[in-house]
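S.K.: My structure is below; once you've seen it, I'll send some questions.
Every number in this text was worked out from the coordinates using simple rules, so none of it is lab data. This one's a predicted model, so the numbers in the text were calculated from it and none came from an experiment. Methodologically, a virtual Cβ is constructed for each residue, glycine included, from the backbone with ideal geometry; neighbour enumeration extends over all protein chains shown.
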Amino acid sequence: MLTDSTQESTAVTAPTNSRANALAERLEEGARALEDLVRSLTDAEWQTQVPKDGRSIGILVHHVATMYPLEIELAQLLASGKAIAGVTWQAVHDINAKHAHEHGAVTKAEAIDLLRRNSAAAAAAIRALDDAALDRAAPISLNADAPLTCQFMLEDHAVRHSYHHLARIRETLGR
């Protein structure tokens, strides 16, 4: 009989899906790049309004962090073969406006903490998907009910989101 100090581990590690892992890594890279830029901002830059968007840089960073769970939830619907219904661009704009109103005073520390936690959770959820889930397609109301894959949804939303706003922030700051 083995003692506690010599007992072998019986934990089984699930194989990593290379496609899902690559998507998760790209999401993590984008979140890190956004965090790195945020850490370098002055308080005045944090409050700078992004042209054509109207939100401050701080609100945009918090917005990216806040949207990861919703974006992953929608991708998981597709992964299970269910359509995404009722999501319109007007609904997206309404969510964004409500978020901006409620989080106008967000601090860098709060936004960075949420960005780290939610991007890690999003990456873990992506890594849990297999190829069949990534390939599964269903109609997406946000895209004229086109039947699109879970992988497309992830790439177009959760994975791309930090890169999209990072580019806008850099443009605004001239960096």
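S.K.: For P(r) over Cα pairs in 5 Å bins from 0, in percent, one of [x] 1, 8, 17, 21, 22, 19, 9, 2, 0; [y] 1, 8, 16, 17, 17, 14, 10, 7, 4, 2, 2, 1, 0, 0; [z] 1, 9, 16, 20, 18, 13, 9, 6, 4, 2, 1, 0 was computed from the structure I shared and the rest are decoys. Which label?
M.R.: [y]
S.K.: While we're here: Which of the helices in the chain meet the span-like rule: DSSP H, Cα axial reach of 18 Å or more, Kyte-Doolittle mean at least -1.0? Please report the intermediate quantities before stating the final value.
M.R.: Working: long enough: 18-39 (31 Å, -0.54); 57-79 (32 Å, 1.19); 89-102 (20 Å, -1.02); 108-127 (28 Å, 0.11); 160-173 (20 Å, -1.11).
Counting only whole DSSP H runs, the qualifying helices are 18-39, 57-79, 108-127.
S.K.: While we're looking at this one, here's another question. Long-range amide H contacts for Asp145: which residues qualify at under 5 Å (H placed 1.01 Å from N, peptide plane, sequence gap of 5 or more or a different chain)?
M.R.: Amide H neighbours of Asp145: Ile140.
S.K.: Further question on the same structure: Taking K and R as +1 and D and E as -1, what net charge do the other residues with C-beta under 14 Å from the C-beta of Ile84 add up to?
M.R.: -2
S.K.: Then there is this: Hey, fewest Cβ within 10 Å first, where do His99, His164 land in order? Numbers along the way, then the final one.
M.R.: On the way: His99 18, His164 14.
Starting with the residue having the fewest Cβ neighbours, the order is His164, His99.
S.K.: Which value, in debye to the nearest 20, describes the size of the charge dipole of the chain about its Cα centre when Lys and Arg Cβ atoms bear +1, Asp and Glu Cβ atoms bear -1, and nothing else is charged? Walk me through the numbers before you get to the answer.
M.R.: Values: 17 positive and 23 negative charges, 84 e Å.
About 400 debye.
S.K.: Would you mind ranking Ile126, Ile95, Ile112 so that the residue whose beta carbon has the fewest other beta carbons within 10 Å leads the list?
M.R.: Working: Ile126 30, Ile95 15, Ile112 18.
Final ranking by Cβ density, sparse to dense: Ile95, Ile112, Ile126.
S.K.: Once phi is turned into ³J(HN,Hα) by the Karplus curve 6.51 cos²θ - 1.76 cosθ + 1.60 with θ = phi - 60°, what whole-Hz value does each residue of segment 44-56 show in order, with x for glycine and proline?
M.R.: 5, 5, 4, 8, 4, 7, 8, x, 6, 9, x, 8, 6
S.K.: By count of other Cβ within 10 Å, fewest leading, how are Met67, Met153 ordered? If you can, show how the numbers build up before the last one.
M.R.: On the way: Met67 21, Met153 26.
Sorted ascending by nearby Cβ count, the order is Met67, Met153.
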